[in-house]
1. Would you kindly state how much longer the chain becomes between residue 159 and residue 191 on full extension, computed as 0.36 nm times their sequence separation minus their alpha carbon distance, in nm to one decimal?
2. Taking a label point 7 Å from the Cα of residue 7 along the Cα→Cβ vector, which residues of segment 169-189 have an amide N closer than 14 Å to it?
3. Return the FRET efficiency for the residue pair residue 339, residue 274: r is the Cβ-Cβ distance, R0 is 41 Å, and the value is rounded to the nearest 0.05.
4. So, in nm, how far is label residue 232 from label residue 362 when the simple model puts each one 7 Å beyond its Cα toward the Cβ?
5. Taking the Cβ-Cβ separation of residue 260 and residue 389 as r and a Förster radius of 41 Å, what is the calculated FRET efficiency to the nearest 0.05?
6. Highest mean first, what order results for 116-122, 44-50 on Cβ atoms within 10 Å?
7. Please state the relative contact order of segment 39-144 as a whole percent: Cα pairs under 8 Å, 6+ residues apart?
8. Given segment 39-144, report the % of alpha carbon pairs whose separation exceeds 19 Å.
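Quick note: the coordinates plus some simple rules give every number you see, no bench work behind them. Small disclaimer: the values here were computed from a predicted structure and weren't measured. Neighbour counts run over all protein chains shown; Cβ positions are idealised from the backbone, glycine included.
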């Protein structure tokens with residue numbers, strides 16, 4: 001049998017009903033026990049009876065009145081608590097002997113005038129002793145035992161609860177079904193949703209406060225799914241766009257290679273083909289990097305030394321910088337700890353340094369500093385720079401500046417921007433070195449190392 005929220009709610013409410021029932025019986029038991037221990041139901045009647053008996057001088061008449069009184073009292077007790085013990089009485093003539101006894105042998109029982117408590121044969125009794133002008137009266141009323149009292153309460157209260165139980169069950173079931181109807185309707189709308197064609201927000205009119213967070217969460221999920229699909233479509237489009245040109249160039253070089261009449265032409269075509277293959281492989285790797293840096297995903301954060309990572313990036317770029325006669329510099333402390341994903345940060349620094357090396361700089365500086373509780377990194381160069389009017393375009397995919405003949409894919413700065421978004425970092429363009437060039441500044445924020 002499948003678990004359902006409706007059955008769970010009904011079970012919880014029934015459990016609450018059972019606990020309340022037990023509490024009601026316990027409270028009634030406590031109150032009844034307290035009242036029975038403190039007072040007698042026969043005592044008020046007996047106090048009136050002794051006054052009536054004083055008006056009678058004849059013993060037979062007094063006995064008849066007393067018998068009628070006791071018979072009626074015991075009848076009422078049996079109606080209220082069936083099976084309860086009978087009240088016992090003893091009537092004595094004032095200054096004389098016993099005239100009448102009922103129930104048990106009371107000749108040896110004594111009690112102070114008024115209301116008192118006695119234990120007779122191990123059973124508690126409430127005793128009422130009164131002295132009139134002609135008669136002395138002793139009334140012994142047995143107290144209910146705990147078991148008798150509990151049985152009586154269960155008979156009185158428990159029966160009412162049992163009668164109410166079916167009505168309560170039906171009411172609970174109808175209330176739960178009615179309460180869960182909006183949830184079922186919402187589920188039906190979700191089932192009817194065609195996610196292949198329609199990912200727009202449901203915009204369901206959820207009037208109940210408990211369902212509104214669910215509706216908002218589902219609409220947010222659809223929004224994230226739309227964003228993810230849009231990123232995938234953009235990636236496929238950009239990949240096709242980026243690969244079309246180099247593949248066309250490769251096809252042309254292969255055609256030249258096959259049709260070249262002499263060895264020199266074939267060698268030149270083969271070299272051009274090799275360079276084209278390298279550029280295509282580089283483009284493919286950058287597209288893979290771009291996909292891996294999807295901001296909607298998250299990787300494993302760890303404690304890293306930002307200065308050590310930056311030094312490694314410059315060391316990897318040293319050979320290319322030497323070939324291009326570019327000076328590399330690292331400015332910052334010897335060590336600076338940070339907790340985050342190392343690969344996106346490494347990708348940012350590699351692409352920024354590579355970008356600076358490619359476009360005419362003679363000096364590239366990577367600086368690291370603590371800033372407002374976080375870490376600020378900057379890559380600056382003294383190259384030709386980027387016009388301020390183009391600052392909003394530099395992070396677009398396949399955008400390449402003008403005024404140079406350096407081959408490239410136009411994805412390097414796009415990877416930088418996407419990696420910064422993955423790290424929830426702030427990235428912007430700034431001044432370069434010596435009044436020239438351009439600088440890229442990255443604020444990582446105040447993420448401290450764990451431990």
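1. Value of the extension gain: 6.8 nm.
2. Within reach of a label on residue 7, which here means backbone N under 14 Å from a point 7 Å along Cα→Cβ, segment 169-189 contributes nothing.
3. For residue 339 and residue 274, the calculated efficiency is 0.45.
4. About 5.1 nm separates the two model spin labels.
5. 0.35
6. 44-50, 116-122
7. 30
8. 38
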